[in-house]
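Asker: Provided herewith is a single structure, encoded as C-alpha cells, for subsequent inquiry.
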Ligand SMILES: Nc1ncnc2c1ncn2[C@@H]1O[C@H](COP(=O)(O)OP(=O)(O)O)[C@@H](O)[C@H]1O
Ligand SMILES: [Mg+2]
C-alpha cells in the first residue's frame, strides 16, 4: 500500500504540489497525468525521498518516507525523466553496480541480472556498452536498473517521452507486466492517451492540485455524467426516435446517417439493458446498440480547462 | 567498515571506469594502448638517460611533485560535479549507498592514479640513486611516501571542489587556481614583500616556517636530511589534511541530502 497524505511542496511563492492525497494498492498501475509544470516530477521526487515535502507525508507499506527514508529507498525503483546512465560501462556491469548498491550478495547478482535482462528484453545486449544502445534500449535498461532489488513501488517519470512508437509500445507492455507482478507502479505523462490503455487508475494534476483520481471508468463518468449510446436500426428510424424520446433516462436522441441514432443517456447499465429490451419488444429492428467510446484527450481537456468542478 | 568501504564497496566500479577512460573503450581502446606504450617507451628512454648520465634522483623528485599537481586534478574533477551534470547523481542518491562509500570509491580512483605515477618514478629514482653512491634505496621509498601523501591532499581537495561545484570545469579551475596561488603566487609574494623587511638570512628561516607544508620546501629539507623525523612530520600533516578534505566532502554530500530530507543523511 502506498498512502499519500496531504503532500505539499512550495518553492518560495510557488506552490508546486498542493495537498495531494491518494492511495494505491499492489497491482495498481497509476497514470499520473498533467501538463508540463503541473507538479508531477516534484511529487515523484518527494516520494523517491529526494525532495523534502513542505508538509504532508507518505507511507509505503507502513514505512514513513520522512522518518525512515533509507528503508523506503530499498523498496522503491525510481526512474527520473532523464537517463543518467554511465556510458563507459557494459550493460551487465551497470546492473551489477546497482545490485551491489542495493546490498545484494555477489552470488545472487548474476541470476537477478539475467532475469531483469530477460524481462526487459536486453539479454542479447548483456556485454554491450551502454553508449551503443538505442534510446528505447537505454530506457529499458533504466527500467531494468530499477528492478534489480525487486521494489514494491516503481516511480517512472515520463518514461515514454522521446521514444518512437514501437519502443513506446514495448515499454507499455513492460509496465503492464509490472502491474501483473503485483507492484505499485506510478507512471507520469503529459499525454493522457499514452497511459489510459494500460493504467487501471488515473490521476489528473494541474497547478499542483489533483483534479481527479480513481479508476479510469469512474473518471470518465465524472467527466461525462451522460453517456452516449449509438443505436443503429434496420428501418423505421422515425418510429424508433419517437419511442426513444419517450423513454426514461434519455436526455436527447438525434438521428444521423445510415439509420444511426445517437442517444444521450443518463441511466446506469441496467437501464440501458431495459431500453434495448423495450425497443426490441416494441418491434424496432435493432442492428447495433453500444456505448460510444469517450475520447480520452477530450476528457483530459475538459478536466484541465475547468469544465469539471 | 573495511568491507563496506573497500572490498565490498560498489563504488569500486569507478576504478574499472577510470581504466576504460584511460585506455579507452571500444574504438578508442587501440589509441589508449598506443599512448600507454608510448609513455612506457619514454619511461624506458629516460631510465636509460638516468643510467648513462648519472642524473640525480632529486631532479625526478621535483618533476614528480609537479606532475602530481598537474595530473591528479584531471582524474577526479568530474567525480561528483560530473555526476550532477550527467544527472546520474540523483539515481545514486536514491540507492542505499552511503556517503562514505561514495567518497571512498571516488577517492580510490585518485589513489590508483597516484600509485601508477609513483611506481613509474620509483624506477627512475632508483636508477638515479644507484648511480650516486652511497646507494640508499630507502631515500627513494621515503620520498615516494612523502610525495604520495602530498598527492593525496591534491586528490582529496579535488574531490571537495567537485562536490562544491555545479559544473565540473569550475572544480578543475578551482583546484588549479588554489594550487597555483598557494604553491607559486604566495611564495613570490613572500620574497618580494616580506623578504626586504628582514635583511638577510633570517627570512629564509621565516619562509621555511611559514611554508612548511609547501611540498618543494619540505622536499628540500627531506633531500638535505634536515627534516624532523625523516619527513614524517610533513607526511602526518598531509595525511591529516587529506582526511579533513575527505570528511568535508562527505559532509557536503550528506548535507545535500539532509537539506532535502532530514532523516536521509547517512
Ligand atoms: N527546484 C525548484 N525550484 C523552484 N521551482 C521549481 C523547482 N522544481 C520545480 N519547480 C516548479 O514547480 C512546478 C512543477 O514542476 P514539475 O514538478 O517539474 O512539473 P511537471 O513534472 O509536472 O512538468 C513548475 O512550475 C516548476 O517550475
Ligand atoms: Mg516533469
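The values are calculated or read from the model by the stated rules, or taken from the named source; none is laboratory data. Predicted model only: the values in this text are computed from it and were never measured. Note that each Cβ is placed from the backbone with ideal geometry, even for glycine, and that neighbours are counted across all protein chains shown.
Asker: Output the number of residues of segment B:181-202 satisfying the condition of being at pLDDT below 80, part of a helix (DSSP H, G or I) and more than 19 Å from residue B:224 (Cα to Cα).
Answerer: Going through segment B:181-202, the residues at pLDDT below 80 turn out to be B:194-202.
Going one step further and asking which of them are part of a helix (DSSP H, G or I), we end up with B:194-198, B:202.
In the following step, the residues that additionally are more than 19 Å from residue B:224 (Cα to Cα) were identified as B:194-198.
Residues in segment B:181-202 being at pLDDT below 80, part of a helix (DSSP H, G or I) and more than 19 Å from residue B:224 (Cα to Cα): 5 in total.
Asker: Just one of B:41, B:112 is surrounded by fewer than 18 Cβ atoms within 10 Å (Cβ to Cβ), touching a residue at least 24 places away in the same chain (Cβ under 8 Å) and more than 14 Å from chain A (Cβ to nearest Cβ); which is it? Lay out the reasoning, then the answer.
Answerer: Details: B:41 fails: touching a residue at least 24 places away in the same chain (Cβ under 8 Å).
After applying the criteria, what remains is B:112.
Asker: Using the structure shown, decide if residue A:183 is more than 16 Å from ligand 1 (Cβ to nearest atom) and buried (at least 20 other Cβ atoms within 10 Å of the Cβ).
Answerer: Yes; evaluated as a whole, the condition is true for this residue.
Asker: Taking only segment A:269-309 into account, find how many residues are farther than 22 Å from residue A:196 by Cβ and either in contact with a strand residue (DSSP E or B) (Cβ under 9 Å, 6 or more places away or on another chain) or at pLDDT below 85 (or both).
Answerer: Residues that pass the stated criteria total 12.
Asker: On to the next question. Which of (1) touching a strand residue (DSSP E or B) at 6+ places or on another chain (Cβ under 6 Å); (2) more than 30 Å from residue B:19 (Cα to Cα) is the odd one out, the single condition residue A:69 does not satisfy?
Answerer: That leaves (1) as the condition not met.
Asker: Please find, within segment A:19-38, the residue that is surrounded by the most Cβ atoms within 10 Å (Cβ to Cβ) out of those that are within 16 Å of ligand 2 (Cβ to nearest atom) and part of a strand (DSSP E or B).
Answerer: Going through the qualifying residues, I end up with A:33.
Asker: Right, something else. Only one of these conditions is not met by residue B:24: (1) modelled with pLDDT of 85 or more; (2) within 13 Å of chain A (Cβ to nearest Cβ); (3) farther than 26 Å from residue B:156 by Cβ. Which number is it?
Answerer: (1)
One line per residue, one yes/no per condition, for (1) within 16 Å of ligand 1 (Cβ to nearest atom); (2) touching a strand residue (DSSP E or B) at 6+ places or on another chain (Cβ under 8 Å); (3) at the interface with chain B (Cβ under 9 Å from one of its Cβ atoms):
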{"position": "A:93", "(1), (2), (3)": "no, no, yes"}
{"position": "A:99", "(1), (2), (3)": "no, no, yes"}
{"position": "A:124", "(1), (2), (3)": "no, no, no"}
{"position": "A:133", "(1), (2), (3)": "no, no, no"}
{"position": "A:139", "(1), (2), (3)": "no, no, no"}
{"position": "A:149", "(1), (2), (3)": "no, yes, yes"}
{"position": "A:153", "(1), (2), (3)": "no, yes, no"}
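Asker: (1) touching a residue at least 12 places away in the same chain (Cβ under 8 Å); (2) in a loop (DSSP other than H, G, I, E, B); (3) at the interface with chain B (Cβ under 10 Å from one of its Cβ atoms): which one isn't true of residue A:106, the others all being true?
Answerer: (1)
Asker: Provide a single number: the residues in segment A:173-201 that are closer than 27 Å to residue A:298 by Cβ and touching a strand residue (DSSP E or B) at 6+ places or on another chain (Cβ under 9 Å).
Answerer: In the first step, residues of segment A:173-201 are kept if they are closer than 27 Å to residue A:298 by Cβ; the result is A:173, A:175-176, A:179, A:185-201.
Within this subset, residues satisfying the condition of being touching a strand residue (DSSP E or B) at 6+ places or on another chain (Cβ under 9 Å) are A:175-176, A:179, A:185-192, A:194-196, A:198-201.
Qualifying residue count, segment A:173-201: 18.
Asker: Please indicate, with yes or no, whether at least one residue in segment A:39-56 is assigned to a helix (DSSP H, G or I), within 13 Å of chain B (Cβ to nearest Cβ) and over 21 Å from residue A:203 (Cα atoms). Spell out the reasoning first.
Answerer: Applying the first criterion (assigned to a helix (DSSP H, G or I)) to segment A:39-56 yields A:40-47.
In the following step, the residues that additionally are within 13 Å of chain B (Cβ to nearest Cβ) were identified as A:41-42, A:44-47.
Next, from what is left, pick out any that are over 21 Å from residue A:203 (Cα atoms): none.
Checked segment A:39-56: no residue is assigned to a helix (DSSP H, G or I), within 13 Å of chain B (Cβ to nearest Cβ) and over 21 Å from residue A:203 (Cα atoms).
Asker: I would also like to ask the following. If you go through segment B:218-229 one residue at a time, do you hit one that is loosely packed, with under 15 Cβ neighbours inside 10 Å, assigned to a helix (DSSP H, G or I) and modelled with pLDDT under 75?
Answerer: Checked segment B:218-229: at least one residue is loosely packed, with under 15 Cβ neighbours inside 10 Å, assigned to a helix (DSSP H, G or I) and modelled with pLDDT under 75.
Asker: State the number of residues belonging to segment A:197-214 that are under 23 Å from residue A:80 (Cβ atoms) and more than 16 Å from ligand 1 (Cβ to nearest atom).
Answerer: 3
Asker: Right, next: Filter segment A:57-84 for residues that are at the interface with chain B (Cβ under 7 Å from one of its Cβ atoms), more than 16 Å from ligand 2 (Cβ to nearest atom) and surrounded by fewer than 22 Cβ atoms within 10 Å (Cβ to Cβ) and give the result.
Answerer: If the condition is that a residue be at the interface with chain B (Cβ under 7 Å from one of its Cβ atoms), more than 16 Å from ligand 2 (Cβ to nearest atom) and surrounded by fewer than 22 Cβ atoms within 10 Å (Cβ to Cβ), then A:66, A:67, A:68, A:70, A:74 are the ones that fit.
Asker: Now for a different question. Within segment A:156-190, how many residues turn out to be farther than 23 Å from residue A:118 by Cβ and either over 10 Å from the mean Cα position of the chain (by Cα) or free of Cβ contacts under 8 Å to residues at least 12 places away in the same chain (or both)?
Answerer: Residues that pass the stated criteria total 6.
Asker: Could you go through segment A:38-55 and let me know if any residue there is closer than 24 Å to residue A:181 by Cβ and more than 15 Å from ligand 1 (Cβ to nearest atom).
Answerer: Taking every residue of segment A:38-55 in turn, at least one turns out to be closer than 24 Å to residue A:181 by Cβ and more than 15 Å from ligand 1 (Cβ to nearest atom).
Asker: Here is a further query. I want to confirm something. Restricting to segment A:8-17 and keeping residues that are in contact with a strand residue (DSSP E or B) (Cβ under 7 Å, 6 or more places away or on another chain) and within 16 Å of ligand 2 (Cβ to nearest atom), which single residue is farthest from residue A:173 (Cα to Cα)?
Answerer: So in segment A:8-17, the residues in contact with a strand residue (DSSP E or B) (Cβ under 7 Å, 6 or more places away or on another chain) come out as A:8-10, A:16-17.
In the following step, the residues that additionally are within 16 Å of ligand 2 (Cβ to nearest atom) were identified as A:9, A:16-17.
Working: A:9: 33, A:16: 31, A:17: 30 Å.
Looking at residues that are in contact with a strand residue (DSSP E or B) (Cβ under 7 Å, 6 or more places away or on another chain) and within 16 Å of ligand 2 (Cβ to nearest atom), I get A:9.
Asker: For the list (1) part of a loop (DSSP other than H, G, I, E, B); (2) closer than 30 Å to residue A:148 by Cα; (3) in contact with a helix residue (DSSP H, G or I) (Cβ under 7 Å, 6 or more places away or on another chain); (4) without any contact (Cβ under 8 Å) to a residue 60 or more places away in the chain, I need the number of the one condition that residue B:87 fails.
Answerer: Tallying (1) part of a loop (DSSP other than H, G, I, E, B); (2) closer than 30 Å to residue A:148 by Cα; (3) in contact with a helix residue (DSSP H, G or I) (Cβ under 7 Å, 6 or more places away or on another chain); (4) without any contact (Cβ under 8 Å) to a residue 60 or more places away in the chain, residue B:87 fails exactly one: (3).
Asker: Next question. Check off (1) touching a residue at least 40 places away in the same chain (Cβ under 8 Å); (2) part of a helix (DSSP H, G or I); (3) buried (at least 17 other Cβ atoms within 10 Å of the Cβ) for residue B:92 and give me the number that stays unchecked.
Answerer: Among (1) touching a residue at least 40 places away in the same chain (Cβ under 8 Å); (2) part of a helix (DSSP H, G or I); (3) buried (at least 17 other Cβ atoms within 10 Å of the Cβ), residue B:92 violates only (1).
Asker: Of the conditions (1) in contact with a helix residue (DSSP H, G or I) (Cβ under 9 Å, 6 or more places away or on another chain); (2) within 16 Å of ligand 1 (Cβ to nearest atom); (3) under 16 Å from residue A:156 (Cβ atoms), residue A:60 satisfies every one except a single condition; which number is it?
Answerer: Among (1) in contact with a helix residue (DSSP H, G or I) (Cβ under 9 Å, 6 or more places away or on another chain); (2) within 16 Å of ligand 1 (Cβ to nearest atom); (3) under 16 Å from residue A:156 (Cβ atoms), the lone unmet condition for residue A:60 is (2).
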